[in-house]
Every structure is written in C-alpha cells, then in structure tokens.
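Chemist: I have a structure I would like to understand better, so I am pasting it below and will then ask my questions one at a time.
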C-alpha cells in the first residue's frame, strides 16, 4: 500500500514522502535534514529521489541524501542539476516503488520543470511549483502562453487526480482568488475549509484537480465567470486565454 505524507521544510515547503514496505522515495528535497529525520523516525530506507525543477529549495538536499544512501535521482534534462542519474522528458515513464509514473513537461515557472503522474485510484500528480492549491507558480523563465499550455495539460488529467504541490501557499492563493472571482461560492467554501485546516496546523494539500477547476483562477481563464468578474473590475485587456492568464498572473504578482 503506497502511503504519501508531507515533510515540512523551510518556511512553507513540503517534501513529499512516498513509502511502501519500508522503502521510501522523496520528492523535491530542498533540505536533507528533515528527510533524514523522518526516515529514522519511521524506520524507512531511502530508495530514490524525484526532482521537478532546479530551484535550490527543491534540490538543495540531494547531495547530503546521496551521501547517506546511493539511490537513483530522477529529474529533468537540465545539466545544471548534476546529481540526476535518470534524466526525463515528456512521454517518459519511470518505476517508483513498483508504480508506473508518466512524465509531463510543464515549463513556465522554470523551463526545465516536469511533473509526475500516476494513473492510480485515485490518480496522483506531483507538480512541484507549476500548479498550487488555488494558484500557480510565478513565471521566472517562461511566458504566459507557455505556462498556460502547461496548466492546460494538467487540467486535462482526470478530475479525481490528487494534486501534490510543493508549498503551503493556499491561504494567500485563495485570498487572491476571492478578489479575482468574488461571486464564486465554491471558492468561498474552499477558503473557509482551508482556514480551518491551517488553524489546526494541518496541511491544505493535496487538493484534487476537480477542486482546482472550480476555484483556481489560473485554471479558469477560459470560463465566462472569471472573464466577467475581471471585466466588472476593469482589469481585463484582451479576450484570449493567454490574455486572461497574463492579467491574472500580473495582478497576483503584486497582490
């Protein structure tokens, strides 16, 4: 039975820990310390490392983990991440603890960004900083058009997909989403639930893709509701999906 749990790191990162039968794989270990502590506490043997992109808070712990265990490191085809042993791109498949994960290229936040999708019951998605609960990553390297295409590829996955993103940004994201689409009642309820979780110091993730399609403005750029809300506020310039996305992303960057 595959078990997935978050290891908190830094101020708001989550390093995802996948485990089965005493073996563990971690996703985006920016800091080795919390990972090594979790492995010791739970009596687990590290069996691999999954990387989504090159930012330090996602790769900074690789060297120390490899010093403790000689394991495969799966990640994007970016030579700047020297420790990767299995370089992956769109269409590749990789065995993680006996489960087949499909690799998706999702550039925008960074140009090397990939995601891992497992068509299980329910389906699983490890998407790094491309898609967040209620939001998406900043465009450090890609254009609005590139990021929108990446998000569309994720939006096409099954609605039941559990979305494992890499940061606890949900409250801030939903506060912005309410400003962008104030009449969205599903969004208001999601915000209420997220506040209750954080008040109990519990993670707000994973979410589901169905939740994101109902409440995440960055996945709603083609919807009449979001466009009408932006027009009512005098913010929308242009009717294309990319124009809507660029409007929302620029607003969120300064929210």
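Chemist: If you count, for each residue, the other Cβ atoms within 10 Å and average over each peptide, how do 181-187, 36-42, 218-224, 50-56 line up from highest to lowest?
Modeler: My ranking of the peptides, most packed first, is 50-56, 218-224, 181-187, 36-42.
Chemist: Out of the DSSP beta bridges found with both residues in segment 3-253, what percent are antiparallel (nearest 5)?
Modeler: 65
Chemist: Here's something else I'd like to know. Taking the Cα atoms only, what angle lies between the long axis of helix 170-180 and the longest principal axis of the chain, rounded to 10 degrees?
Modeler: Helix 170-180 sits at roughly 20 degrees to that axis.
Chemist: Do the sum for the chain: with -39,500 (n - 2.57) for every DSSP H run of n ≥ 4, divided by all residues, what is the mean residue ellipticity at 222 nm, to the nearest 500 deg cm²/dmol?
Modeler: Mean residue ellipticity, 222 nm, calculated: -10000 deg cm²/dmol.
Chemist: While we're here: Expressed as an acute angle from 0 to 90° and rounded to the nearest 10, what is the orientation of the C-alpha long axis of helix 144-155 relative to the principal long axis of the chain?
Modeler: That helix lies at roughly 70 degrees to the long axis.
Chemist: While we're looking at this one, here's another question. Hey, what's the Kirkwood Rh for segment 9-83 if you take every pair of different alpha carbons, in angstrom?
Modeler: About 12.2 Å, per the Kirkwood formula over Cα pairs.
Chemist: On to the next question. What's the exposure ranking of 86, 113, 118, going from fewest to most Cβ atoms within 10 Å?
Modeler: The fewest-first ordering by Cβ neighbours comes to 86, 118, 113.
Chemist: OK, next. Once the Cα atoms of helix 185-199 and of the chain are each reduced to a long axis, what angle between those two axes, in degrees from 0 to 90 to the nearest 10, is obtained?
Modeler: 40
Chemist: Same structure again: Using Cα pairs under 8 angstrom and six or more residues apart, how large is the relative contact order of segment 3-253, in percent?
Modeler: It rounds to 13 percent for segment 3-253.
FYI, it's all coordinate maths here, none of it is from the lab. Note that the structure is predicted; figures quoted are calculated from it, not measured. Virtual Cβ from ideal backbone geometry, glycine too; neighbours counted across all protein chains shown.
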